[in-house]
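The values are calculated or read from the model by the stated rules, or taken from the named source; none is laboratory data. Since this is a predicted model, take the numbers as computed values, not measurements. A quick note on method: Cβ atoms are made from the backbone with ideal geometry, for glycine too, and the neighbour counts reach across all protein chains shown.
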4 protein chains.
Amino acid sequence: MDREARLREWEERAEPYLLAPSLLFLASYAVRVLIPDLSPGWQAFWGLVTVVTWGAFIVEYLARLLLSKHRRRFVRTHWLDLVVTVLPLLRPLRIIEIHDRMQRRRDHPRLALEARVMTYAGLTSLLLGFAASLAVYHDERLAPHSTITTFGDSVWWACSTLTTTGYGDVTPITPRGRLTGTGLMFVGVALVGAVVGSFSSWLVRRFRVDGET
Amino acid sequence: MDREARLREWEERAEPYLLAPSLLFLASYAVRVLIPDLSPGWQAFWGLVTVVTWGAFIVEYLARLLLSKHRRRFVRTHWLDLVVTVLPLLRPLRIIEIHDRMQRRRDHPRLALEARVMTYAGLTSLLLGFAASLAVYHDERLAPHSTITTFGDSVWWACSTLTTTGYGDVTPITPRGRLTGTGLMFVGVALVGAVVGSFSSWLVRRFRVDGET
Amino acid sequence: MDREARLREWEERAEPYLLAPSLLFLASYAVRVLIPDLSPGWQAFWGLVTVVTWGAFIVEYLARLLLSKHRRRFVRTHWLDLVVTVLPLLRPLRIIEIHDRMQRRRDHPRLALEARVMTYAGLTSLLLGFAASLAVYHDERLAPHSTITTFGDSVWWACSTLTTTGYGDVTPITPRGRLTGTGLMFVGVALVGAVVGSFSSWLVRRFRVDGET
Amino acid sequence: MDREARLREWEERAEPYLLAPSLLFLASYAVRVLIPDLSPGWQAFWGLVTVVTWGAFIVEYLARLLLSKHRRRFVRTHWLDLVVTVLPLLRPLRIIEIHDRMQRRRDHPRLALEARVMTYAGLTSLLLGFAASLAVYHDERLAPHSTITTFGDSVWWACSTLTTTGYGDVTPITPRGRLTGTGLMFVGVALVGAVVGSFSSWLVRRFRVDGET
């Protein structure tokens, strides 16, 4: 009980401070991918930022794992935490927990239910789309016969994937790029589906209210 | 209180009159994009129409901003008005407010809830698709290696984008064309999703009524 | 009142008999499109079938229009009838009315609500997909640089359009083919969306019942 | 009554044991497709596994058909069983019945409704996607002008089909491959639609609970 309480306390306190390394990690990854011809000094600096922030995630996860009483159960119930610790580019998926905590502190939610779902799902898919664009651009940039040669191509591909439009004028061809693409398709489809569904239900509610008054 | 009331009054009165410049703006943009080899006189005329109508939107927005008591709050709550003032091609998105006002004047809505959602979302996506076709055709027409060479190609691309089919046989390749395309994907996907959802719920309701009676 | 009653009676009686010419029309169109090198005799025969069945649709529509008291209102409330009379390939859309009438005669519907929606929307989209495949194959078959050269290509294109997959390996390039394609996208998207929605709700209901008992 | 009871008993008992041959059938098919240059001995062995497991399905179906009192009704109500007996690659679709039976034995379901729908629909679509990848790879591998030359291409195609993204960079071109593709589009679209819908409703419920407490 004592330990679990301490763990909860730690989680509540650490969460907002972990948002900063999450953004730092994404920034360092973005800089290293988008500016390949950095001077050696900057390259070392941003490499260090990547390693340190990733290290912070691992330390935080292990600390919580050791603090918890039932470690096996901790791993099972916090499986998303393990995933985002191993693949920090998926960190945006954890926004929902931060959002939950912030929401609880306020007394009255400011936004309607649909608006909150749209905000959460929209933001998460935007961040995931950006992370996937970076990863795919990194893998495809120098591959022979690749159609993704600029970061703009990669963002265009990510947008057409997230909305399931799938033009196919630019597509990843390397195995790692396609693995990222498959992940983006499934995760993105679900998130964008949630945005569309919430928008649709918000629209229906808006029209219903107008019709009745 | 006095000022806010005057603002409301202005909004109620100005709205129907602003529909005309909206259509005029779209018409002048369409003429200038679709008929590039106009005589200098007509070119100047339609250019003037574009400038005057756009100016009217800006004047109207600023007037309402100045009339409002809490200007900061006005900008926050009327953010869509700011967007459609800066990018008048997105004006169709404001139809919902005009629709709301017209609906309130009538006592009984003539159409079922689903039909109204479908009409609104369908009309908006049609107008946005037309505006996007024009903008993309304007950007892609003369770009080297472009696949969009006629206005028909552009409309075909817009339709396959709005329904998320995304054939990819014709796609924008210029940065501005792709920016328009990205916007159309996200806005369009949400609107068409609303149409499909409403149609589906209308169909289910129709079958339910038949089954029970 | 007398006239309206006679009109209703006519509609009730004529409906099942009109299913036959609908299928005959589709069959004659299919034969003429799929077997272009018919002997002159057969060509004349199937051409006659097309003309006679189409004529029957027009006669039936006009008869109902003349029998109705409020002709203007008849045109407005029966707009789908006008559409399917002018474009008989869209006849499958009228299945819903035949289905309604048959349903009313029975006391208890045999299928669950979702199953009925899925059956109706699935059948209609299959028939429309078949009609669109025929129309597109007819228009594209001999067009220069066309990618749709066999009826199989056309069916493959129609399937990838109806499900909004949109591979884009085969796509119509003629204006008429693209017009058909646009129609199939919008109508098909709505119908397949209804099928998916009903399937999803049926699945949820099935799991809910299992969980509660 | 006696016979029907015996049939039920048989079904309840045989079901878990039939999961093993289902997986064995899939494994033997996978091995024979993915490793075409097996030694003759292994080829004969895996061929035998395919034949024996398929035979087991047929025997089980016939046994149940013969045991049932109303054979005609059995065929009508168990049509899915007939389909998966003729095309054993579609076996994953029967998971729902096994799942149902297992669910009934437990007193309290461990997962929320949405999680169960997502698990079932997600698992089924994954298995079907794998089976379709194998079948399409088998048909397309040696076809002239085929774009699907490795199993990776086939999996990439199946993923982009299941999510209705449909890039179209790799697509089946043989009639049998396209038939498999059409089936995957329709079945997959419905299953993935169910996953997206459930995820969306779970997300809404999660936000609603947070907002109210």
Look at A:Leu179 and say whether it is out of contact with any Ser or Thr (no Cβ under 9 Å at 6 or more places or on another chain) and of a type in the set (A, V, I, L, M). yes
Candidate set: segment C:199-213, residues that are within 7 Å of another protein chain (Cβ to nearest Cβ) and not aromatic (Phe, Trp, Tyr); chosen: the one surrounded by the fewest Cβ atoms within 10 Å (Cβ to Cβ): C:Arg208
Of all the residues that make up segment B:139-152, how many are in contact with a Ser or Thr (Cβ under 6 Å, 6 or more places away or on another chain) and in a helix (DSSP H, G or I)? 2
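Out of the residues in segment D:60-86 that are in contact (Cβ under 8 Å) with a residue 24 or more places away in the chain and either in a helix (DSSP H, G or I) or within 21 Å of the chain's Cα centre (by Cα) (or both), which is nearest to D:Ala131 (Cα to Cα)?
Across segment D:60-86, the extreme among qualifying residues is D:Val84.
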Confirm whether D:Gly122 is within 22 Å of D:Leu26 (Cβ to Cβ) and either out of contact with any Phe, Trp or Tyr (no Cβ under 7 Å at 6 or more places or on another chain) or at pLDDT below 95 (or both). yes
How many residues, within segment C:170-183, are free of Cβ contacts under 8 Å to residues at least 12 places away in the same chain and either in contact with a His (Cβ under 9 Å, 6 or more places away or on another chain) or facing chain B (nearest Cβ under 8 Å) (or both)? 3
Can you tell which of D:Arg32, D:Arg64 is basic (Lys, Arg), touching a Gly at 6+ places or on another chain (Cβ under 8 Å) and surrounded by 16 or more Cβ atoms within 10 Å (Cβ to Cβ)? D:Arg32
I'm checking my understanding of the structure. Among residues of segment C:130-169 that are in contact with a Phe, Trp or Tyr (Cβ under 6 Å, 6 or more places away or on another chain) and facing another protein chain (nearest Cβ under 9 Å), which one is surrounded by the most Cβ atoms within 10 Å (Cβ to Cβ)? C:Gly166
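Output the residues belonging to segment D:35-61 that are small (Gly, Ala, Ser) and either in the same structural domain as D:Arg141 (by TED's automatic domain parsing) or loosely packed, with under 15 Cβ neighbours inside 10 Å (or both).
Correct list: D:Ser39, D:Gly41, D:Ala44, D:Gly47, D:Gly55.
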Considering every residue within segment C:184-198, establish whether at least one is over 20 Å from D:Val192 (Cα atoms), under 17 Å from the mean Cα position of the chain (by Cα), at the interface with another protein chain (Cβ under 10 Å from one of its Cβ atoms) and at pLDDT 90 or above. yes
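State whether one or more residues within segment D:154-161 are closer than 29 Å to C:Thr150 by Cα, at pLDDT 80 or above and out of contact with any helix residue (DSSP H, G or I) (no Cβ under 6 Å at 6 or more places or on another chain). Spell out the reasoning first.
Step one: of segment D:154-161, the residues closer than 29 Å to C:Thr150 by Cα are D:154-161.
Pick out the ones that are also at pLDDT 80 or above and you get D:154-161.
Next cut, out of contact with any helix residue (DSSP H, G or I) (no Cβ under 6 Å at 6 or more places or on another chain) only: D:157, D:160.
Taking every residue of segment D:154-161 in turn, at least one turns out to be closer than 29 Å to C:Thr150 by Cα, at pLDDT 80 or above and out of contact with any helix residue (DSSP H, G or I) (no Cβ under 6 Å at 6 or more places or on another chain).
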Restricting segment B:33-54 to residues that are part of a helix (DSSP H, G or I) and β-branched (Val, Ile, Thr), the one nearest to B:Val83 (Cα to Cα) turns out to be B:Thr53
Filter segment A:153-175 down to the residues that are under 21 Å from the mean Cα position of the chain (by Cα) and in a helix (DSSP H, G or I) and list them by number. A:Asp153, A:Ser154, A:Val155, A:Trp156, A:Trp157, A:Ala158, A:Cys159, A:Ser160, A:Thr161, A:Leu162
